[in-house]
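The values are calculated or read from the model by the stated rules, or taken from the named source; none is laboratory data. Worth saying up front: this structure is predicted, and the values here are computed from it rather than measured. Positions of Cβ are backbone-derived with ideal geometry, glycine not excepted, and every protein chain shown enters the neighbour counts.
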Amino acid sequence: MTHPAPYPADTRAKGWRFELDYEQIEQSSTWDLAAQASPELRPWLLMMWLVSWKQVPCGSFPADEVVIAAKIGMPAKTWAKHRELMLRGWTVADDGRIYHETISARVAAMLKAKESERQRKADYRARKDAERAGAGGGTQPDGQGGPPSVPELSHGTDDGQTRTGHGKDDTGTGTGTNEYKYPPTPQRGAGRASTRATRPPAVEPPGFEAFWSAYPRKVGKAAAVKAFAKVAPSEDLLRGMLGAVAEQRQSTQWVKDGGQFVPHPATWLNQQRWLDEGGASGGSSGGLQLPGAL
């Protein structure tokens, strides 16, 4: 039984970042079943979500198992063995594509945020046009006889006029006085410490979350982010890296002694350890017959 497509057929992510909700993933019964069936399946589930986000419409796949397996780079034998688990929670819509409820909810949130941002910009432009018209006695916007536009001042400031009395000064802090007071001389190293304290965290490069979720040893994340950014894998290379992680995590070296011999993720990336073992990719045959829903 099919259901209506959840959003228009031309819906695209257009660079909108897809973020994983680790708490939601850990509470998923599919995630638990994947770990029980085979350690290699969890990275493939993440890859399926990641690749679906880049499809058109966003968050979907064509209802064809051969195409799905090929798009995520999953070997044909692996897909044939675990197809029911891989397709768990995906349902066929009336547009001939499959959708997952969790991904569809992310797409709906993205569309709502985009519409909110579009409306905010439209309201801002309308407000600025009205301000310019009022200041010019009903004149038109820039380029049509009105005064040039002036950027809004930042929050907490005014026009910066000199003040000599009590009350608020041009910083909006309410500390204005009649005489200028030099600021205290900072102590040695204070500037550097302040810089370190306010330095924003590093932005994770695209695809890192999928790699981090799949890699079994969660140590040295900052170094791993730096190493991953240096590699800057394409979508095809990321599929190969996740496939290599899925294979290597079943090796004797990675399993013995509780995984203490699993290399740090940054080391694995810097040494290009995904090249240690190869794997073929391909598709499976037959039409798409979805298993039961979640």
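Data for the structure
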item	result
Selected residue (criterion: farthest from Lys81 (Cα to Cα)) from residues of the stretch 35-55 that are small (Gly, Ala, Ser) and touching a His at 6+ places or on another chain (Cβ under 8 Å)	Ser52
Residue count, the stretch 24-49 (criterion: surrounded by 14 or more Cβ atoms within 10 Å (Cβ to Cβ), more than 16 Å from Thr78 (Cα to Cα) and not polar (S, T, N, Q))	3
Residue list for the stretch 3-23, restricted to those being outside any loop (DSSP other than H, G, I, E, B) and either β-branched (Val, Ile, Thr) or surrounded by fewer than 11 Cβ atoms within 10 Å (Cβ to Cβ) (or both)	His3, Glu23
Hits in the stretch 74-111 - residues which are hydroxyl-bearing (Ser, Thr, Tyr) and within 14 Å of Trp53 (Cβ to Cβ)	Tyr99, Thr102, Ser104
Number of the exception - Gln119 against (1) exposed (fewer than 14 other Cβ atoms within 10 Å of the Cβ); (2) touching a residue at least 40 places away in the same chain (Cβ under 8 Å)	(2)
Matching residues in the stretch 217-234 - criterion: being surrounded by 15 or more Cβ atoms within 10 Å (Cβ to Cβ) and not charged (D, E, K, R)	Ala223, Ala224, Val225, Ala227, Phe228, Ala229, Val231, Pro233
Output for the stretch 86-97, where each listed residue is free of Cβ contacts under 8 Å to residues at least 60 places away in the same chain and either crowded, with 17+ Cβ neighbours inside 10 Å or touching a strand residue (DSSP E or B) at 6+ places or on another chain (Cβ under 6 Å) (or both)	Met86
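Yes/no per residue for (1) small (Gly, Ala, Ser); (2) at pLDDT below 85:
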residue	(1), (2)
Ser194	yes, yes
Ala197	yes, yes
Ala202	yes, yes
Gly207	yes, no
Leu238	no, no
Val245	no, no
Gln250	no, yes
